[in-house]
1. For the stretch B:138-149, indicate whether the set of residues that are surrounded by 21 or more Cβ atoms within 10 Å (Cβ to Cβ) and part of a strand (DSSP E or B) is non-empty.
2. Counting only residues that are in contact with a strand residue (DSSP E or B) (Cβ under 6 Å, 6 or more places away or on another chain) and facing another protein chain (nearest Cβ under 7 Å), which one in the stretch A:67-80 is surrounded by the most Cβ atoms within 10 Å (Cβ to Cβ)?
3. Can you tell me which of (1) touching a residue at least 60 places away in the same chain (Cβ under 8 Å); (2) within 9 Å of another protein chain (Cβ to nearest Cβ) is the one residue A:108 doesn't meet?
4. Specify which of the listed residues (A:18, A:51) is crowded, with 24+ Cβ neighbours inside 10 Å, touching a residue at least 60 places away in the same chain (Cβ under 8 Å) and more than 8 Å from chain B (Cβ to nearest Cβ).
5. Kindly indicate whether residue A:139 is under 27 Å from residue B:87 (Cα atoms) and more than 9 Å from every other protein chain (Cβ to nearest Cβ).
6. Of all the residues that make up the stretch B:191-226, how many are within 14 Å of another protein chain (Cβ to nearest Cβ), within 28 Å of the chain's Cα centre (by Cα) and over 16 Å from residue B:96 (Cα atoms)?
7. If only one of A:105, A:119 is in contact with a strand residue (DSSP E or B) (Cβ under 6 Å, 6 or more places away or on another chain) and at pLDDT 95 or above, which one is it?
8. Examine the stretch B:97-113 for a residue that is without any contact (Cβ under 8 Å) to a residue 60 or more places away in the chain, more than 18 Å from the chain's Cα centre (by Cα) and at positive phi, and state whether such a residue exists.
């Protein structure tokens, strides 16, 4: 009896991610959802610019690499031309909530029938740890060396709360991958986000609160603890919008 | 079969695109090209196509990127400031070797500039149009009929070479109305697109549409390969029209509305007994070097007539290896040279000939 195996929707390419990075877990959750729904053959993924830039090597479905922040626009084009395919984007906080904010908001407002996986680890990873739109007040990064000063550069963006104000989106949920229970919940949310698309319900975004041990300058275990103690109070987990429930 | 109808240049582009099998259009409003979007918004829903007004030019070109990745014909259109915004996407399209048709109905610049006709995006269109080493095929219509014909041709060239074709039209071309005939039965060559991301169906290895290449040796190789393709295009796709060039001593070079004006001036000058002809580039990239370098051995001088501060004039000098003097006759900022201005320039150049 097999008790554990690699999801079919992942290739054999070894991840380039740093030790202790949670991207691996999130990739796996996405791939498991694709496997469970049996949609690998018709899924088209859109990779971001950021740490997950090479996600196209890891997912076994057809993949497109987008310009920084533009994944939801690219996905819009793909979905509009191939409405029977399943289209997802996989984006970090800089990509989705800074440079790509317009594309994010407008694809949500249009209730574009796509699935967005949003990895929020409050820092720019790929470029070496600069302040992100989601970096916490006081958080020390390479470009906020004295801590994020909200009087100077404002407050972090709460993406789920903000998008929940729109009529458009079908489903918005914030999850985390800091412990087994939360990882299981995250997996369920991601699967639901794909199911919504299959059922033609529209825009689903799952924000995954995540870590960056390398650029946070912490051991992976300490990073998980820091996430729990600092990120989750600012970014509370939960469902922010579920239109199918509102209608009942 | 086709009926001759009266159309604006912008509308002719939209109708021709549909006839060429383009069922996807994404755009953002900007004068003087918005009729293209308006036409598409009306037509596409009725024929099962896709029209979507994007939140920005940036989003529009990336929606184009998405559709093109799936192997389908797709286009966007804009005017000068909007094309600057699309330049990021144009570079990514080039890096990912994706075909598309982009229309630039130019207005005066720089910056917000004006809304009157211009050709001042010549450098931007022909020398790259974004970061990195790349080219677009650039087509310059000079009648409403050509707006339609070159749109159809542009889609074909884009698919044939897996790259962007740009229609570079000045605002006059977009706004003026002329009779136009667009066949109901456009012959569309089918190009295989095994690279398209339409789902693996679990039957093949996954396709990846991508412009990232972190290994310098590999990225260098990709650039070399792309330039081999460009060399082929330079060899095979140059287009220009010659007018009264057989015995010409002076060669006027002009495209778009400037060519229309120049042709009138050439006819007038001939009446005065001046041996002058016109070369009208139809492809701006590849620049029609062959016909110009041939002319350089026959004529005594060139005059570049442009709606810019002198951009194509540089390509004429390069194409002719500066064998003969190249003069500039221009207006800018939304102004168009008059036939009298061009005629005066022809007379001035004639006077200086030995």
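The values are calculated or read from the model by the stated rules, or taken from the named source; none is laboratory data. Remember, it's a predicted structure, so these values are computed and weren't measured experimentally. Cβ coordinates were reconstructed from backbone atoms using ideal geometry, including for glycine residues, and neighbour counts include every protein chain displayed.
1. Looking through the stretch B:138-149, at least one residue is surrounded by 21 or more Cβ atoms within 10 Å (Cβ to Cβ) and part of a strand (DSSP E or B).
2. Among those residues, the one meeting the criterion is A:74.
3. Residue A:108 satisfies all of (1) touching a residue at least 60 places away in the same chain (Cβ under 8 Å); (2) within 9 Å of another protein chain (Cβ to nearest Cβ) except (2).
4. A:51
5. no
6. Qualifying residue count for the region: 0.
7. A:119
8. Taking every residue of the stretch B:97-113 in turn, at least one turns out to be without any contact (Cβ under 8 Å) to a residue 60 or more places away in the chain, more than 18 Å from the chain's Cα centre (by Cα) and at positive phi.
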